[in-house]
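Down below is the structure, laid out as structure tokens.
The values are calculated or read from the model by the stated rules, or taken from the named source; none is laboratory data. Source: prediction; values computed, not measured. With ideal geometry, Cβ positions are generated from the backbone for all residues, glycine too; neighbour counts draw on all protein chains shown. The area values use the complete protein model at the heavy-atom level, side chains included, leaving out ligands, DNA and RNA. Shrake-Rupley method; radii C 1.70, N 1.55, O 1.52, S 1.80 Å.
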Amino acid sequence: MSMTRLVKAVVKGFKGLGNGLSVEFKGNTVIVGRSGSGKTSLMEALALLMQSRGEEWLVLEGNLLIIHEPTDISYGLDPSGVITVGAHYEVDDDGERLGRSIGFELGKGSVIGYYYSYRLGDYWVRQEVRLNDEVVAVIEKVGNEGFMRYPVNVRLCITPTHVIHEDAFMTCDGDASKRAYALMFILRNMLKDKFYYLSEGRVCWWKRDYETTVDLPTNSVGSDGQYTVHQLSIISTRPEYEDIYNEVMNLIRELGIEGVKAGFTAPKMVSGYVRVGDVWVPMYHAGLKLKSLLPVIVQLILTPPGSVLLIDGVDIGLTSDDLDDVVRIIDNAARRIGYQVIMTSRIAPKYAGVDVVRI
């Protein structure tokens, strides 16, 4: 079975990427760059685009990323600047089936490219869809009106602010939007539940008091919710997750961690403990290495086949030797389960199993 694969990302005007950045991906990849080079900006831009998939507008506070002030993502805090986020995805078996369901045939290895550009100052929006790098359609929001600019110049039925959604490309008359409509329908549905993101903020994962039942995540373990300790308590105590728990523990031991456990220690309190030198200590006391790695290990096992997993700052708390071990474990897990993983790091791993892209 083929899997969804991110093959290219293009970001400009987002946070620190005033000059723009374009990165191509062949498979599992580590993006390497110094602090301030734009690694996190690239990852957050992709997360913003994906958490907005199918919505009427960009979702700033979503299940992958929380941005409290819209101007925070504008380069130089300038609302007159244009922000562009583009992603090219290779179509998988699900995408091919979705195409056939609406009478649109896509060949093996077809790539759908999608670009969303907007300007905060006047809420101008431009969207573009491509097939194998051929521009299929361009639409634009000007004021409160929407227009298709390519392949023809006609009025749209609605104001085109919807993100990765076919409705934004509907023309009021004629078939000018037929191909674009089909491609956006395929892309929107193909990417459902296939994108996961762990931010550098995952190191604050040790929340210990939570008032409601926490289920296994449908998005990402390490989003701003940071409930890894609760996920561990679930998979370690429920029989239906025994296999998942065993896989998590195998990876943890491979990293030299003797043991991890989590569960209720008082009403409404879930606590976690880690075994170090034959002594169990609270996870709150764990070092930076463990705090940054546990969400990654849990997410590696929970990410479903055919997905794309982004891990920002995979090198947090790690030595060079640690990084090689961690990248090898991540790469092996992704290949075994069958998903693509893209990581960022300030230093390059020596492990040769992944592609390294320097920015």
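Results, tabulated for the structure shown:
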{"quantity": "Single match in VAL10, VAL23 (criterion: within 20 Å of TYR118 (Cβ to Cβ) and surrounded by fewer than 23 Cβ atoms within 10 Å (Cβ to Cβ))", "calculated": "VAL10"}
{"quantity": "Looking only at the stretch 97-126, and only at residues there that are open to solvent by 10 Å² or more (accessible area, probe 1.4 Å), outside any loop (DSSP other than H, G, I, E, B) and touching a residue at least 60 places away in the same chain (Cβ under 8 Å), the one that is farthest from LEU191 (Cα to Cα)", "calculated": "TYR118"}
{"quantity": "Some residue of the stretch 296-307 being out of contact with any Pro (no Cβ under 9 Å at 6 or more places or on another chain), of a type outside the set (Lys, Arg) and exposed (fewer than 15 other Cβ atoms within 10 Å of the Cβ)", "calculated": "yes"}
{"quantity": "Residue identified as open to solvent by 30 Å² or more (accessible area, probe 1.4 Å), in contact (Cβ under 8 Å) with a residue 60 or more places away in the chain and of a type outside the set (Asp, Glu) among VAL32, VAL82, VAL91", "calculated": "VAL82"}
{"quantity": "Subset of the stretch 327-359 (residues that are farther than 22 Å from ARG253 by Cβ, touching a Pro at 6+ places or on another chain (Cβ under 8 Å) and surrounded by fewer than 21 Cβ atoms within 10 Å (Cβ to Cβ))", "calculated": "GLY338, VAL356"}
{"quantity": "Conditions (1) open to solvent by 10 Å² or more (accessible area, probe 1.4 Å); (2) more than 30 Å from MET3 (Cα to Cα): number failed by ASP324", "calculated": "(2)"}
{"quantity": "Count - residues of the stretch 156-191 that are open to solvent by 20 Å² or more (accessible area, probe 1.4 Å) and in contact (Cβ under 8 Å) with a residue 40 or more places away in the chain", "calculated": "6"}
{"quantity": "Members of the stretch 130-155 that are of a type in the set (Lys, Arg) and either open to solvent by less than 70 Å² (accessible area, probe 1.4 Å) or in contact with a helix residue (DSSP H, G or I) (Cβ under 9 Å, 6 or more places away or on another chain) (or both)", "calculated": "ARG130, LYS141"}
{"quantity": "Residue ID - nearest to the chain's Cα centre (by Cα), chosen from residues in the stretch 308-321 that are open to solvent by less than 40 Å² (accessible area, probe 1.4 Å) and free of Cβ contacts under 8 Å to residues at least 40 places away in the same chain", "calculated": "ASP315"}
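Every residue, every condition in (1) surrounded by fewer than 19 Cβ atoms within 10 Å (Cβ to Cβ); (2) among the polar types (S, T, N, Q); (3) under 20 Å from the mean Cα position of the chain (by Cα), yes or no:
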site	(1), (2), (3)
LEU42	no, no, yes
ALA47	no, no, yes
ASN63	yes, yes, yes
TYR75	yes, no, no
GLU128	no, no, no
